[in-house]
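To start, the structure under review is shown below, and the notes come after it.
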Number of protein chains: 2
Amino acid sequence: MSGAIDYRGLVTEGLAKQISEKIRAAILEGRLQVHERLPTEEELATRFEVSRATIREALKRLAAQNLIRSRRGPAGGNFVNRPSREELRATLASTATLLVSLGEFDLLQIAEAREEIELACCRLAVERRTDAQLEALEREIDAQRDATLADTGFCASDVRFHRVLVECAANPALEFAAAGVIEALQPAVNMIVFRFRDRRQVVGQHERIRRALENRDAEAACAALRAYMQALRTQYREAQTSRGAGAARQSAPRAAAKSRAHRRA
Amino acid sequence: MSGAIDYRGLVTEGLAKQISEKIRAAILEGRLQVHERLPTEEELATRFEVSRATIREALKRLAAQNLIRSRRGPAGGNFVNRPSREELRATLASTATLLVSLGEFDLLQIAEAREEIELACCRLAVERRTDAQLEALEREIDAQRDATLADTGFCASDVRFHRVLVECAANPALEFAAAGVIEALQPAVNMIVFRFRDRRQVVGQHERIRRALENRDAEAACAALRAYMQALRTQYREAQTSRGAGAARQSAPRAAAKSRAHRRA
DNA sequence: AACTAACATTGGTCAGACAAATAGGCAATA
DNA sequence: TATTGCCTATTTGTCTGACCAATGTTAGTT
């Protein structure tokens, strides 16, 4: 009969991977506290009965996830890291950017997701925004009014404006969810914006949003955000259609590289 | 004069890290296509003028991010990975779980974020849901009605129900944003739910949501979701207050471990 | 007391070797 | 013919042992 043997369950993964999983689990389950020091690499090698090179490969995996940091010297070693907000935001944004560059998301879908999340933020923000945040928004608006500002600088300021808007909602979890979606747009926006963006319109909508937050007027804030997103969507569509021919030329080398590549996996 | 020397720009980071960044950049910028094969470790070592061990540590960093996969043998090598949706969801959920376990997020904040995002999904879902998705929701509801289902199974089904709900919105970007926030709750919910969860109430609200999606009634769907979240919040609060004494006892060993740990960094 | 130099500890890198997996070719066998 | 066993080349996985580099400690010197 065919069910007589359990074909699965073989441990085929490398030692380094297994070890990194074990340490990772220890961190996630709290058996290793933040800022606690791991045993030295030598001792880990002894305890796991593998060589130090294998331990180091395992530790590199964790370091890549910012779960540990390492220092040399007598007081050195490998320490459990407390990931900072900024690092996590960067990780998230990088993942999201990768997804966009692989073509997993449509720009219009991202815009829709942004609209929904930022609308929620607007509703919460009118209650919770601080004066300092209002000033931060104002600073970005001022920066965006500067006609000598380069396009990349304008886009960066745009992203910062919306990041502050999300922060006004005073909900780290929502901030976390929004970070990927907002930052993922930046490179795409940068590619499009150089020709199509109407700065005055954008600044005007930013100004409307800021004023609505100041007056704690949720309706006005949402309306302004909707207008902003509507304009953004229109610009995307214009850019997409007008880039049709250029995009085909640009993507040709990639296709060639793809067929040349060894794809034996 | 003081500007004669450029004091910055010293490379203090390890070779492995620098190399992994270079390869990572090549992937993100499209110079390495998905499924394309990297040079062999030996050749990379030659080209970068480092040892193979260093190359391997660099590759491990990328492997930890699921950017590459490796296979042995003549047709083997290191290949650029196309991250699957499922892997990314797992990565996101793991990051979110870490944040929760580090106490970065309050459960009530997560609930608020979930409510906002899932409300948006409900509004979109009533227009876009498919019959297959309705059936998937129905299946989870049936599973949740089974009184013999263990608590962990009930929670898992609950998470799946809401995941399908998010999928109904037919927006991958929104799905991406929601994944972390929803899955981050699972372990916390598991810890709380064993005593406090009223299954019938949960199932009833799930049923209301499903029916509202079936009838494409956005108002009803949102109302049911709000009720679900309200109940969840109440349960959190009950659990938090009633766990006051027990939590103190549970956290004692951790505090001891913390003071015992070498925190020389 | 303050500075200096040697020392010990620990991660970072290197070199070379062998083990293990895997594809392809080749021959023996039913 | 089709299957099986075996050999070989290639590439990643792991091991060993060594030395380099950073850094806190400590003893010695001024």
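The values are calculated or read from the model by the stated rules, or taken from the named source; none is laboratory data. What you see is a predicted model; the values in this text were computed from it and never measured. Ideal geometry is used to build each Cβ from the backbone, glycine not excepted, and the neighbour counts take in all protein chains shown. To get the accessible areas, we keep the full protein, side chains included, count just its heavy atoms, and leave off ligands, DNA and RNA. Shrake-Rupley method; radii C 1.70, N 1.55, O 1.52, S 1.80 Å.
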Averaged over B:115-125, number of beta-carbon atoms from partner chains that fall within 10 Å: 3
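Relative contact order of the stretch A:15-80, please, whole-number percent, based on alpha carbon pairs below 8 angstrom and at least 6 residues apart. Walk me through the numbers on the way to the answer.
Details: 65 pairs, mean separation 27.2, N = 66.
Relative CO of the stretch A:15-80 lands at 41 percent.
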Nearest-10 value in Å² for the accessible area of A:GLU86, using the 1.4 Å probe: 100
Qualifying aspartates and glutamates (Cα of each under 12 Å from Cα of B:LYS17; at least 8 residues distant if same chain): B:GLU57
Qualifying trypsin sites (Lys or Arg not before Pro) for the stretch B:69-152 [loop in DSSP, other Cβ within 10 Å: at most 13]: B:ARG72
The stretch A:86-243, relative contact order in percent, only Cα pairs under 8 angstrom and at least six apart counted: 34
Residues whose placed amide H lies under 5 Å from that of A:GLY77, excluding near-sequence neighbours: A:ARG71, A:ARG72
For the stretch B:59-74, Karplus couplings with θ = phi - 60° (6.51, -1.76, 1.60), whole Hz, Gly/Pro x: 5, 4, 4, 5, 4, 5, 9, 6, 7, 9, 10, 9, 9, 8, x, x
Listed residues A:PHE176, A:PHE161 arranged by accessible area, highest first, probe 1.4 Å: A:PHE176, A:PHE161
Amide hydrogen neighbours beyond the local backbone of B:HIS35, cut-off 5 Å, H modeled: B:VAL80, B:ASN81, B:ARG82
Accessible area of A:ASP146 in the full protein assembly, 1.4 Å probe (Å², nearest 10): 60
Unit Cα scatterers, Debye sum, the stretch B:131-189: log10 I(q)/I(0) for q = 0.20, 0.27, 0.29 Å⁻¹: -0.77, -1.09, -1.15
Across the identical copies, how the B:GLN240 labels are spaced - nm, sorted shortest first, 7 Å along Cα→Cβ: 4.3
Surface/4 of the Cα convex hull for the stretch B:15-80, nm²: 4.0
Dimensions in Å of the stretch B:7-119 - Rg and Dmax from alpha carbons: 18.6, 55
Rg/Rg_globular for the stretch B:96-205, with Rg_globular taken as 2.2 N^0.38 Å and Rg from C-alpha atoms: 1.07
The stretch B:74-151 - percent of accessible surface contributed by carbon and sulfur, probe 1.4 Å: 53
Residue mean of other protein chain beta carbons inside 10 Å, A:89-100: 4
Pseudo-label separations to other copies for A:ALA132 - Cα-to-Cβ vector, 7 Å, nm: 5.0
Rounded accessible area of B:LYS22 (nearest 10 Å², 1.4 Å probe): 130
